[in-house]
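Undergrad: Shown below is the structure under consideration.
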Amino acid sequence: MNRDHNTHPRNSVERELDALREQGLSRSLRTIPRAGGSFACEGRICLNFSSNDYLGFSHHPRLIEASRHALETYGTGSGASRLVTGDLPIHQDLEAALARHKGYPASLLFGSGYMTNCGVIASLCSSDWTVVADRQIHASVIDAVRLSGARLVRFHHNDPEDLARRLRKVDRPDQTLVVTESVFSMDGDLAPLPDLADCCEAIGAFFLVDEAHATGVFGPRGQGLIATHHLQSKVHFSMSTFSKALGTYGGAVACSEVMRRWMIHKARAFIYTTAPPPVTVAASLEALRLLDEDPDLGMILQAKAHRLRDRLQAGGADTLASASQIIPVLVGDNHQAVAIDRQLREQGILAVALRPPTVAPGTARLRLSVSLDHTNDQIDQVAEAVLAALRGEAG
Ligand SMILES: Cc1ncc(COP(=O)(O)O)c(C=O)c1O
């Protein structure tokens, strides 16, 4: 067998990788020294405008101290699935704190936000269910629906009328789950939650809202947009992740006691995996305490985001319908988006280009995200650099 890399026929994986490169869709890992809004790198300060560590909590001394204490108390791991011998007091404490924070009777932790969506959706739905999801819903929801075997129907982005039209066609409203994000991860726009909730209530469908990018950021004490609109009684599942504004790792769903019990029995992403490690659980618990103590953090973040969006728009950038700390800058072409990303990186600015399949074909963009770590001067500097790069000016 010929093992010479230069002459052997290229297999299907190699051919596909070649095709991705030609379309400007190659992906590679880029290593940075640490998370947060800025970091020292090669003798200068680099600005990270692509992180989800929106509140800068990943380096907060209180979170670090809470993790350290948990490490000394519990050790490095939980040792087993929650249902075997992995259930520690700190897991119960975080679930109680999150339920209280979100205004729900109960909550259940999962290993990550991705696993939360898989666990909730695949435990509730099966092949005789229909999931009706926003066109721009996160990949974890799509994967969860595939895992469940349910039929997937997509409604037009943020369009309650289209949702109502599609719901009128389902045979079994009681076996229908509607899913949206409250803050969309790629466009940074907000869902019309009250109208969507009314559509679900009108036919008796279940409603799941993914609050990955709203938790810690929107609403009083960062409770999210479900709480802002007082929709807890209409949204059956309030999904959150600790890995974004809360600066740690892990996911959770807030829900009724009955649904929590159901998922403990049925959610394979909960049952067949080791309980989350105490060090991250302790940090998440401390992050919720910080939100309670300082209820205005989200508002301060939104003011910073407003400043960046204003400056970009004033310079002619298309920031789509962003109304949050997530600010897309539309480029369109994959190769151009990557070139701008590279040019900014050379100037010490991380503003990562997102391309299909993460976003729709023809909508490659920089996805900027603002953090409390960023100063106004840094925000202005980044706006100017992005606008110059869009105009094709060398950095
Ligand atoms: C909308 C949305 N839902 C779920 C997830 C998954 O969360 P996690 O990163 O905690 O797995 C993400 C993160 O990429 C997200 O943006």
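Undergrad: Using the beta-carbon distance between His157 and Glu72 and R0 = 51 Å, what value does 1/(1 + (r/R0)^6) give for FRET efficiency, to the nearest 0.05?
TA: Efficiency, from the Cβ-Cβ distance: 0.60.
Undergrad: Straight-line reach from Lys304: which lysines fall under 21 Å, measuring Cα to Cα and dropping same-chain residues less than 8 apart?
TA: Cα-Cα hits under 21 Å: Lys244.
Undergrad: Here's something else I'd like to know. When the distances between all Cα atoms of the stretch 60-293 are binned every 5 Å from zero, what whole-number percent does each bin get?
TA: The distribution over the stretch 60-293 is 1, 7, 15, 20, 20, 16, 10, 6, 3, 1, 0, 0, given as percents.
Undergrad: List every residue whose amide H lies under 5 Å from the amide H of Ser81, counting only residues 5 or more places away in sequence or on a different chain, with H placed 1.01 Å from N in the peptide plane.
TA: Gly86, Ala275
Undergrad: So in the chain, what percent of DSSP beta bridges are antiparallel if you round to the nearest 5?
TA: 55 percent
Undergrad: Any idea what Rg and Dmax come out to for the chain if you just take the C-alpha atoms, in Å?
TA: My reading of the Cα-based Rg and Dmax gives 21.8, 67 Å.
Undergrad: Residue by residue through the stretch 109-126, which ³J(HN,Hα) values in whole Hz follow from phi under the Karplus form 6.51 cos²θ - 1.76 cosθ + 1.60 (θ = phi - 60°), with glycine and proline marked x?
TA: My calculation for the stretch 109-126 gives 7, 10, x, 7, x, 4, 5, 5, 4, 4, x, 5, 5, 6, 7, 7, 9, 9 Hz in order.
Undergrad: In whole angstrom, how far apart do the alpha carbon centroids of the stretch 73-113 and the stretch 265-317 sit?
TA: Answer, in whole Å: 18.
Undergrad: Which GluC sites (Glu not before Pro) does the stretch 1-108 hold that lie in a coil by DSSP with at most 11 other beta carbons within 10 Å?
TA: Glu42
Undergrad: Along the Cα→Cβ direction, 7 angstrom out, place labels at Gln336 and Ile64. What is the inter-label distance in nm?
TA: Modelled inter-label distance: 4.3 nm.
Undergrad: Shifting gears a bit: How long is the gain from Arg34 to Ala80 if the chain were fully straight, where each residue apart is worth 0.36 nm and the alpha carbon distance is subtracted?
TA: Taking 0.36 nm per residue and subtracting the Cα distance, the gain is 13.6 nm.
Undergrad: If you rank Val359, Val281 by fewest surrounding Cβ atoms within 10 Å, what's the result?
TA: With the fewest neighbours first, Val359, Val281 line up as Val359, Val281.
Undergrad: So, one more: Starting from the Cα of Lys169, draw a straight line to each of the aspartates and glutamates and keep only those under 19 Å, dropping any in the same chain fewer than 8 residues away.
TA: Cα-Cα hits under 19 Å: Asp128, Asp134, Asp159, Glu161, Asp195, Asp198, Glu201.
Undergrad: Could you give the dipole magnitude of the chain about its Cα centre, charging the beta-carbon of Lys and Arg +1 and that of Asp and Glu -1, in debye to the nearest 20?
TA: Roughly 760 debye for the chain.
Undergrad: Please arrange Ile379, Ile271 by counting, for each residue, the other beta carbons lying within 10 Å of its beta carbon, fewest first.
TA: Neighbour counts put them in this order, fewest first: Ile271, Ile379.
Undergrad: Would you tally the net charge around Gln136, using a Cβ to Cβ cut-off of less than 10 Å, leaving Gln136 out, and scoring K and R as +1, D and E as -1?
TA: It works out to a net charge of -2.
Undergrad: Just the number, please: percent antiparallel of the DSSP beta bridges in the stretch 60-293, rounded to the nearest 5.
TA: The answer is about 35 percent antiparallel.
Undergrad: Tell me, how many Å apart are the Cα centres for the stretch 127-194 and for the stretch 329-388?
TA: One Cα centre to the other: 29 Å.
Undergrad: Same structure, new question: Only Lys, Arg, Asp and Glu count, each charged at its Cβ (+1, +1, -1, -1), so figure out the dipole size of the stretch 224-350 about its Cα centre, rounded to 20 debye.
TA: Using only the charged Cβ atoms, the result is roughly 420 debye.
Undergrad: Determine one quarter of the surface area of the Cα convex hull of the stretch 70-158, which equals its mean projected area, and express it in nm² to one decimal.
TA: The Cα convex hull of the stretch 70-158, projected and averaged over all directions, gives 7.7 nm².
FYI, it's all coordinate maths here, none of it is from the lab. Small disclaimer: the values here were computed from a predicted structure and weren't measured. In this analysis, Cβ positions are derived from the backbone assuming ideal geometry, glycine residues included, and neighbour counts consider all displayed protein chains.
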